[in-house]
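Taken together, the values in this text are just the output of simple stated rules run on the coordinates, not laboratory data. Because the structure is a prediction, the values reported are computed rather than measured. Glycine gets a Cβ as well: all are built from the backbone with ideal geometry, and neighbour counts include every protein chain shown.
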Amino acid sequence: MAENNDTTTGTDAHSGAGTDHNSSTGGSGGGAVSSPTSRRALLLAAGSAGAAAVLGAACTAPARTPDAAGVPPASPTPSKAARAAAPACVLAVKAGAGPYYLDLDLVRSDITQGRAGVPLRLDLTVVRVPDGCRPLPSADIEVWHADADGDYSTGKDTFLRGTQTTDRTGHCVFHTIVPGWYAGLAPHIHFTIRPDTRTETTSQFFFPETLLTQIYTRPPYTRRTPPQHPNRRDDRYRAAGATMTLALTPDGNGYRATHTIGIT
């Protein structure tokens, strides 16, 4: 069900406290999953204050990231050759996994599982920022988000959840839908990256507000009355949106988003 305990102030019941993303975990790469206790112990702290600081820039900052985001250059500065070979990237802003994270082993690219909504293809590439934005192969990426009605899968349900492992270029693809809204929070997609058995990074993607307002005029989102400003009311979006907002382009009857995720 939707996270209805959140208030409209923008503070997120998603945002659980946790340890730094370089803490130890008992999980394993290649899709294997650690115990619920060890994984939950590693969930990253978020909150409006924690998400306000962008961790750092890499290689060359994307043109869509404004200077006002306060993104400092990474150190050491990568070589010219590395900058030429690697995609532009910034470090992902850390965020909490939220109360509806489930410790599952669902290795699949299509996570829709029959849920209706505007199709969304996520093309994700994971890179190591300190290594000159080097693409990271064999990293597990787990994603989860709400459906068009703002509900998460719980219990025996597993819709809109899944894990992929990056290929040798650090790339993987998810087929899903644009999530709905709920509880005063900006629509978002949670993700966790596990590059090895010891570390993980958890964050979330946002969507351009003007595009959301267009999407929410289409079924099945029209079953409810959408907020006039789905993003503006969320202080997490105001803090991290410049870095973590997906750039969507039309793709058939839906959209496609290509995003490079920088981790340490």
FRET efficiency for ASP103 and ASP123, using Cβ-Cβ distance with R0 set to 22 Å, rounded to 0.05: 0.30
Coordinate range along principal axes, alpha carbons of segment 136-236, Å, largest first: 43, 31, 21
Segment 89-188 pair-distance distribution - Cα-Cα, 5 Å bins, rounded %: 3, 12, 21, 22, 21, 13, 7, 2, 0
Neighbourhood charge, 14 Å Cβ-Cβ cut-off, centred on ALA148 and excluding it, Lys, Arg +1 and Asp, Glu -1: +1
Label point distance in nm, THR249-ASP110, each placed 7 Å from Cα along Cα→Cβ: 2.4 nm
Residues in segment 100-130 that a label on ARG168 would reach, taking backbone N under 17 Å of a point 7 Å out along Cα→Cβ: 126
Largest-first principal axis extents of the Cα set of segment 124-183 (Å): 40, 23, 17
Per-pair calculated FRET efficiency, R0 = 41 Å: ASP131 and THR158 via Cβ, rounded to 0.05: 0.75
Principal axis dimensions, largest first and in whole angstrom, of segment 178-249 by Cα: 44, 26, 24
Pair THR258, LEU211: separation of 7 Å Cα→Cβ label points (nm): 1.3 nm
Placed amide H near TYR255: partners under 5 Å, 5+ positions off or other chain: LEU120, ARG121
